[in-house]
Each structure stands twice: as C-alpha cells, then as structure tokens.
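Working notes, beginning with the structure itself.
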Amino acid sequence: MDKFNIRTATIEDADIIHDIHTQAARITCAESYSKAQIDVWIKKRKPAGYYEGINKKEMFVAEVDGLVVGFGHANPGVILAIFVHPDFQRAQTKLSLKLPMNAPFGG
C-alpha cells in the first residue's frame, strides 16, 4: 500500500514544486487551455517564485512513499492552488481533502 503524507513545504522543495506545477499545467491543463495560454502562464515561473509562500508556511507538499507528487498553497480559509504531477493524479483527491485540515491555521 502506498504511504501518503502531507507536510509543510521547505525551500528545498521549490525545484520539485516548480516541476510539478509545470508538468501539471502542460499536461493536465491542456484539456482546458491552449498551448499559448499555458506558455504565458508558466513562462516566467521559477522555483524562487515559491519561496514567499514556503517561508510564510502557506505551502504544503503531498508525498507518496516519500516522493513529492503534488503541492498546495493555502491562506486562512482559502485554497489558492492544488497541483499534482500527472503521473499521480489519484493523489489529488487526498490532497484536496486533507490540505485544509492539515493547515496550521486550522482550515
């Protein structure tokens, strides 16, 4: 059985968060957005762009068997983003259900 875990993201997670965000946008979101729209959306994204949310403890990562497969970004009472690597889309349901309850601000 796969071990599923959600934890607060760290700066060391920024590269994988960026990769997951890019892959999910390019593959999963391709059904809803044009390639041109996706290119504009992710063109200027860099791993450092996640640092603020990470430093504010607003970002979380989902792990399956220790591998980061998704992330979420939330403020008190508001989920800003949930992205899951396309190869692990089944984890998205668990992430979306657990993120607000696991947030340190009490969801």
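Of note:
- Any hit, the stretch 77-84, residues being in contact with a helix residue (DSSP H, G or I) (Cβ under 7 Å, 6 or more places away or on another chain), part of a strand (DSSP E or B), surrounded by fewer than 19 Cβ atoms within 10 Å (Cβ to Cβ) and modelled with pLDDT under 95: yes
- Looking only at residues in the stretch 16-56 that are charged (D, E, K, R) and within 21 Å of GLN89 (Cα to Cα), the one that is surrounded by the fewest Cβ atoms within 10 Å (Cβ to Cβ) is GLU31.
- Residue within the stretch 31-42 that is β-branched (Val, Ile, Thr) and touching a strand residue (DSSP E or B) at 6+ places or on another chain (Cβ under 8 Å) present: no
- Among the residues here, ILE42 qualifies as without any contact (Cβ under 8 Å) to a residue 60 or more places away in the chain and under 20 Å from ASP87 (Cβ atoms).
- Output for the stretch 1-24, where each listed residue is in a helix (DSSP H, G or I), more than 11 Å from HIS85 (Cβ to Cβ) and not acidic (Asp, Glu): ILE11, ALA14, HIS18
- Options ILE11, ILE17; residue that is modelled with pLDDT of 95 or more, closer than 17 Å to ILE79 by Cα and either β-branched (Val, Ile, Thr) or in contact with an Asp or Glu (Cβ under 7 Å, 6 or more places away or on another chain) (or both): ILE17
- Checking PHE60 against (1) touching a Leu at 6+ places or on another chain (Cβ under 9 Å); (2) free of Cβ contacts under 8 Å to residues at least 40 places away in the same chain, the condition it does not meet: (2)
- The stretch 20-57: number of residues that are of a type in the set (Val, Ile, Thr) and closer than 20 Å to ALA74 by Cα: 4
The values are calculated or read from the model by the stated rules, or taken from the named source; none is laboratory data. Being a predicted model, the structure only gives us computed values, none of them experimental. Glycine also receives a Cβ, built like all others from the backbone with ideal geometry; neighbour counts cover every protein chain displayed.
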